[in-house]
Every structure is written in structure tokens, then in C-alpha cells.
1. Tell me what the chain gives for mean residue ellipticity at 222 nm when only DSSP H runs of n ≥ 4 count, each as -39,500 (n - 2.57), the sum divided by the residue total, rounded to 500 deg cm²/dmol.
2. Any chance you could check the Cα centroid distance between the stretch 113-150 and the stretch 1-51 for me, in angstrom?
3. Quantify, in whole percent, the carbon and sulfur part of the accessible surface of the chain (1.4 Å probe; protein heavy atoms only).
4. Tally Lys/Arg at +1 and Asp/Glu at -1 over every other residue whose Cβ is under 15 Å from the Cβ of M138; what's the total?
5. Which percentage, to the nearest 5, of the DSSP beta bridges contained in the chain is antiparallel?
6. Along the positive direction of the dipole of the stretch 30-172 (beta-carbon charges: Lys, Arg +1; Asp, Glu -1; about the Cα centre), which of A39, S134, M69 reaches farthest?
7. Between V59 and S76, what is 0.36 nm times their sequence separation minus the Cα-Cα distance? Round to one decimal in nm.
8. Keeping all protein chains in place, calculate the accessible area per residue for the stretch 31-131 (probe 1.4 angstrom), answer in Å².
Amino acid sequence: MSKVIALANQKGGTGKTTTTVNLGIGLAMRGKKVLLVDADAQGNLTDSLGFHEPDNLPVSLATVLTKSMLEEPYESDEGILRHAEGVDLMPGNIELSAIEVSLVNTMSRETVLRSYINTVKDRYDYVLIDCMPSLGMMTINALAAADSVIIPVQAHYLPAKGMTQLLQTIAK
Ligand SMILES: Nc1ncnc2c1ncn2[C@@H]1O[C@H](COP(=O)(O)OP(=O)(O)OP(=O)(O)O)[C@@H](O)[C@H]1O
């Protein structure tokens, strides 16, 4: 059974993307099937894995989420990129910023990402979601899709405060 993990902290630069890449590739090296999902409009995870122009990719997470919201069909592996280190990637890019806005007026707006992940997760042991540094709709969607959450925190006051606020959100 697959496990979905969100890497979240609304404070920026705490190591979400770095942890997603290293945890994902570490799991793949142990023979696990891993899908990394870039749910951050900055596209840093996508860039880190060698896809240096995320905004020019023809299909990304925003594409399939839009189709899902419009109830249009899409292939179950649509947009998923294969990486030489043995992980799969659903890339993310600037189009996710528009998705944040569209989600606000969508039915079941907290569970659009979960619905998408439910269509692909059976092929994977782990699905890791790299979140935006915000508590916006995409992060709420990632939390709703996840079985568990990893909150990378620097040993500083503000990132630790971000963790406390996030734990309060998760508790709701
Ligand atoms: N364990 C670590 N030790 C030291 N530096 C780290 C560690 N993890 C990440 N970094 C560095 O911290 C910086 C921010 O890391 P990263 O981009 O992974 O954070 P992020 O939380 O994903 O950022 P954002 O909030 O912008 O999405 C990078 O320069 C990265 O190299």
C-alpha cells in the first residue's frame, strides 16, 4: 500500500525541496517506487531534478489539476517525468499560482490534489509532495492528500514558529 507524505512548512527556505529530493532518491535506492510531486509554483523541485525550465513544460501538475476540476479525462501517467535516479516526477511550475485562485471557487476545493493522487498512487510505494511556502489552497490540498506530514525546520525562531502554526492547521 502506498504512503503519501507532504513536506510542508509555510516558512520559506527550511529545506522542503532538499528533503523531498534526498528522501525520494534514498527510497528509490532501496528499491521503492517513488513519485515526487512538485506542488510549489516556484518549480524548485522540478528544477533540482534537471528540468531547468519548469515553466516551459507542456504538461505539469497544474494541467492535470485543471482537467480534474473541469472533469475532463486525462491519462493516468499524463505529465509524469522519469528521472535517471529512479524516481518519477510530476513537475510543478508558475501555473500553480493560477490554480490556487481557481481552487477557491471549486467544489471540494480541499481534495482536488487528493483525487488526482488517488488515480496514480497505486503504482508507487511512496508519493512525496513538496509544498509551497504558504498555507494557501495548494498546501491545504497537499495536507488533505497526505497520510503524514514532514515539517523541515531550521533551528531558528521563525521556522519553528511556522511549524507550530502548521501543526495547529493540521489539527483542524
Ligand atoms: N539539511 C540542510 N543543511 C543545510 N542546508 C540545507 C539543508 N537543507 C536545505 N539546505 C539549504 O537551504 C536552502 C533552502 O532549501 P530548500 O530550497 O530545500 O528549502 P524550501 O523549504 O524548499 O524552500 P522554499 O520555501 O522556497 O520552497 C538551500 O540553499 C539548501 O541548499
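1. -12000 deg cm²/dmol
2. Answer, in whole Å: 11.
3. 53 percent
4. Its environment carries a net charge of -3.
5. Around 10 percent antiparallel, to the nearest 5.
6. Highest projection toward the positive end goes to S134.
7. Result for the pair: 4.8 nm of gain on full extension.
8. For the stretch 31-131, the per-residue accessible area is 48 Å².
The values are calculated or read from the model by the stated rules, or taken from the named source; none is laboratory data. These numbers were taken from a predicted model, which means no experiment stands behind them. So basically every Cβ, Gly included, is an ideal-geometry build from the backbone, and we count neighbours across all protein chains shown. All accessible areas refer to the heavy atoms of the entire protein, side chains included, with ligands and DNA or RNA removed. Shrake-Rupley method; radii C 1.70, N 1.55, O 1.52, S 1.80 Å.
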